[in-house]
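Comments concern the structure below.
The values are calculated or read from the model by the stated rules, or taken from the named source; none is laboratory data. This one's a predicted model, so the numbers in the text were calculated from it and none came from an experiment. For neighbour counting, all protein chains shown are included, and Cβ atoms are generated from backbone atoms with ideal geometry for every residue, glycine included.
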Amino acid sequence: MHPLFRYIPLHLLVFLILGITIQFYTQIWIYGFPKLLFLFLILLFVLISIQKKVVRTVVAFILFFIIGISSVYIQDTRNFKNAYRSFISKDAKVVLKISKILKSGFYHEKYIAEVLQINKEKTRGRILLNIQKDSLKDQFKIDDLLLVPSFFTRVLPPLNPNQFNYKAYLAKQGIHHQLFLEKHQVLKRLKSKATFQGIAAKFRDKVQHSLSKQGFEKDELAVLSALLLGQRQAVSKELLSHYAAAGAIHILAISGLHVGIILLILSFLFAPLEKVKHGKYLKALSIVAMLWVFAFIAGLSASVVRAVTMFTFVAVGQAVRRKNSIAFSLISSMLLLLIIKPMFLFDVGFQLSYFAVFGIVWVQPRLVVIYGPRFIISKKIWQLITVSIAAQIGILPLSIYNFHQFPGLFIASNLVIIPFLGLILMGGIVVIVLSLLQLTPSFLVVMYGGLISLMNRFVNWVSLQEVFLFKDIGMSFLMMLALYALIFTGVLFLMKKNSWRLGCFLSALLCVQMACLFEDKRANETAAFVVFHKSRVAITGIRRGRELEIQASLDSVKLAAISLLQSYALGAHIRTIKKTRFKNYIHFSSQDILIVDSLGIYRLQGLKRPIVILQYAPKINLERLIKTLEPGLIIADGSNYKRVVHRWKTTAEKYAIPFHDTGQKGAFMLQD
């Protein structure tokens, strides 16, 4: 057996993850904190008291399963008596503390804020704060205290199938409500105590201010801020899309790659310490200290703290010089992080970081021995290629599942960009120090800015090679799991070739084929009628297998650009979307469907409890329509005025007719 599988923290990690997952999705523990503490102490007592190794092992697994449940339960502020939602009232005054600044939207500045107080009650919990943009006023800063009215609204789920679920994304961060305010609705800015995170943010703002005076171009400064300060707010959507298409989007978010490169640089710089007594421990201590200084400079964001924690364990493991120290360090760091912050488990950045590093640790040693270059330069190039391939293998299923694309030129991108990144990180630290001291020479600004600009131009060129960018790849969660099983068993077989491991690999391959056949069969046999939600536009569609017929007032070109249709087609494995001529009567799955548009025509004979769809605010008497048609359901889509929809809803409730407002309940779907 591989030594990694005998590493006890790996088994504990598995049960911890199991506990976190079950508690988050099922809320299995609802019995409060005292009983949870009592259960934990009982298990701990049993673990200490019993001597039998097998029993102790089982109890340890159960204990870490309970720790997983506990960590999620404790992190969920809704389980506390002073949760802010218990004190929400119409005219309450709320004290918020800004804890994180997000990338601005088109109309609003966005923040994560802690709810400290409602009226005189001390509270806890976090919300999403949306402040209408105002060019005359400055953004709020981390640790700012704000007195605001309690206009809380729930975060809504997506209104159309297969769209990004922002509600679920925020729920995994413990956020369930939001506030929409204008600047003048912020009643007062209060004095606050500085936190460590706030001090880091002020230092980062000072660095950004000093860098902005050095004469860097807009995109150069944006990339510099992203790489060294963890701030992507200034990176344009166009530049982000170029990096994504080139397979280099990870460059713009401080991750394990950045911290790993910094670790290599620091290991080289502190190598002379190994010559003194206890030098390897002094070296490790110095590296860890510098890594956390970097984390402080980068604002102590979640991604930075994760990466630095990961490589802190790696640095310590290297100092101990234990065999398989990197793999053991990664598992230990993951165990610690998930105990402290269990919601990291559902963060895509966390998942990609660990899968990429595990891919490098596990797969790269099997790839690098395939070819043995003779010269040093060719060896380094081959190592970079194998590292890129190994990392890509580690994240490939997860990346396609989340982002639905695969950059075919990722090897070329990483082969050029990673050396660039090493130079940019080293040079950036020098530039930051000199800019703070106001000693930055102009030639250094030109050279350093030119290096970033050259990298941006290369990324732009790679992104334009669209023939190598495979987009709109749909993948289910089941298929992602099957592919990871295939990768895992394949690597096991490469590590040690025997009949049992070959059988596991072939079984995983069979699972992938079965998943493909199952999804293909389901996609071909599915039929559905859908009323989509789109503001000011009426869109209905009939899906038959892999074809979607759309009925809408838009032309085919505008229709193809609507993202909600692209998202639906991607998630449903639809290959063809075509526009069909308008029909106000549709018969689908033994159900009569009548569309009443702005003309207000609805007098058809022989309809049996039809579904009535109201589009473009027809001027009708809904009571008369109900008495005439006796509908089984009334649907109002996004093309109607909200005040009219509200009036229709009141009328429908009066006659006990089910009413579906797509603006509130989302798209309507009738499946055959």
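Close contacts from the stretch 328-352, counting a first residue that is basic (Lys, Arg) and a second that is at pLDDT 85 or above and surrounded by fewer than 20 Cβ atoms within 10 Å (Cβ to Cβ), with Cβ to Cβ under 8 Å and a gap of 6+ residues or different chains, come to Lys341/Gln75.
So which of Ile360, Ile395, Ile381, Ile389 ends up being more than 25 Å from Ile331 (Cβ to Cβ) and either hydrophobic (A, V, I, L, M, F, W, C) or assigned by TED's automatic domain parsing to the domain that holds Ile17 (or both)? That would be Ile381, the only listed residue that is more than 25 Å from Ile331 (Cβ to Cβ) and either hydrophobic (A, V, I, L, M, F, W, C) or assigned by TED's automatic domain parsing to the domain that holds Ile17 (or both).
Regarding the stretch 579-592, can at least one residue be identified that is more than 28 Å from Asn165 (Cβ to Cβ) and acidic (Asp, Glu)? The answer is yes; a qualifying residue exists. Regarding the stretch 226-245, can at least one residue be identified that is buried (at least 21 other Cβ atoms within 10 Å of the Cβ), in the same structural domain as Met426 (by TED's automatic domain parsing), at negative phi and not in a helix (DSSP H, G or I)? The answer is yes, given that some residue of the stretch 226-245 is buried (at least 21 other Cβ atoms within 10 Å of the Cβ), in the same structural domain as Met426 (by TED's automatic domain parsing), at negative phi and not in a helix (DSSP H, G or I).
Leu345 falls short of the stated requirement of being at positive phi and out of contact with any strand residue (DSSP E or B) (no Cβ under 6 Å at 6 or more places or on another chain).
One line per residue, one yes/no per condition, for (1) touching a residue at least 40 places away in the same chain (Cβ under 8 Å); (2) in contact with a helix residue (DSSP H, G or I) (Cβ under 7 Å, 6 or more places away or on another chain); (3) closer than 30 Å to Lys534 by Cα:
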residue: Gly125; (1), (2), (3): yes, yes, no
residue: Val148; (1), (2), (3): yes, yes, no
residue: Tyr169; (1), (2), (3): no, no, yes
residue: Leu179; (1), (2), (3): yes, no, yes
residue: Gln197; (1), (2), (3): yes, no, no
residue: Glu217; (1), (2), (3): yes, yes, no
residue: Val223; (1), (2), (3): yes, yes, no
residue: Gly230; (1), (2), (3): yes, yes, no
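A single member of Phe61, Phe38 is at pLDDT 85 or above and more than 20 Å from Leu10 (Cα to Cα), and it is Phe38. Selection of the stretch 372-412 for residues being free of Cβ contacts under 8 Å to residues at least 24 places away in the same chain and exposed (fewer than 15 other Cβ atoms within 10 Å of the Cβ) yields Gly372, Pro373, Arg374, Phe375, Ile376, Ile377, Ser378, Lys379, Lys380, Gln383. In the stretch 440-452, what residues are assigned to a helix (DSSP H, G or I), among the hydroxyl-bearing types (Ser, Thr, Tyr) and surrounded by 16 or more Cβ atoms within 10 Å (Cβ to Cβ)? Matches in the stretch 440-452: Tyr448 only. Does Gly663 satisfy being at pLDDT 90 or above, under 32 Å from the mean Cα position of the chain (by Cα) and not assigned by TED's automatic domain parsing to the domain that holds Phe403? Considered against the rule, which asks whether it is at pLDDT 90 or above, under 32 Å from the mean Cα position of the chain (by Cα) and not assigned by TED's automatic domain parsing to the domain that holds Phe403, Gly663 comes out as yes. If we scan the stretch 519-533, do we find a residue that is touching a residue at least 60 places away in the same chain (Cβ under 8 Å), more than 17 Å from Leu670 (Cβ to Cβ) and not small (Gly, Ala, Ser)? No: the stretch 519-533 contains no residue that is touching a residue at least 60 places away in the same chain (Cβ under 8 Å), more than 17 Å from Leu670 (Cβ to Cβ) and not small (Gly, Ala, Ser). Out of all the residues in the stretch 66-102, which are closer than 21 Å to Lys120 by Cβ, in contact with a Gly (Cβ under 6 Å, 6 or more places away or on another chain) and buried (at least 20 other Cβ atoms within 10 Å of the Cβ)? Tyr84 - this is the single residue of the stretch 66-102 that is closer than 21 Å to Lys120 by Cβ, in contact with a Gly (Cβ under 6 Å, 6 or more places away or on another chain) and buried (at least 20 other Cβ atoms within 10 Å of the Cβ). Within the set Phe355, Phe344, Phe350, the sole residue that is outside the structural domain of Ile66 (by TED's automatic domain parsing), farther than 30 Å from Lys206 by Cβ and of a type outside the set (A, V, I, L, M) turns out to be Phe355.
Among the criteria (1) surrounded by 13 or more Cβ atoms within 10 Å (Cβ to Cβ); (2) out of contact with any Leu (no Cβ under 6 Å at 6 or more places or on another chain), the one Leu43 does not fulfil is (2).
Looking across the stretch 424-435, just one residue is surrounded by fewer than 15 Cβ atoms within 10 Å (Cβ to Cβ) and touching a residue at least 24 places away in the same chain (Cβ under 8 Å), and that is Met426. What are the residues in the stretch 103-122 that are buried (at least 18 other Cβ atoms within 10 Å of the Cβ) and either acidic (Asp, Glu) or in a helix (DSSP H, G or I) (or both), if any? Of everything in the stretch 103-122, those that are buried (at least 18 other Cβ atoms within 10 Å of the Cβ) and either acidic (Asp, Glu) or in a helix (DSSP H, G or I) (or both) turn out to be Glu109, Glu114. When Arg78 is tested against the conditions (1) touching a residue at least 24 places away in the same chain (Cβ under 8 Å); (2) of a type in the set (Lys, Arg); (3) closer than 30 Å to Phe313 by Cα, the lone failure is (3). Filtering the stretch 522-539 to residues that are over 30 Å from the mean Cα position of the chain (by Cα) and either buried (at least 18 other Cβ atoms within 10 Å of the Cβ) or within 17 Å of His660 (Cβ to Cβ) (or both) leaves Phe529, Ala538.
Filtering the stretch 48-75 to residues that are free of Cβ contacts under 8 Å to residues at least 60 places away in the same chain and touching a Phe, Trp or Tyr at 6+ places or on another chain (Cβ under 9 Å) leaves Ala60, Phe61, Ile62, Leu63, Phe64, Phe65, Ile66, Ile69, Ser70, Tyr73, Ile74.
Looking at Pro610, is it at pLDDT below 95, more than 39 Å from the chain's Cα centre (by Cα) and over 16 Å from Ala538 (Cα atoms)? When the stated conditions are applied, Pro610 passes them.
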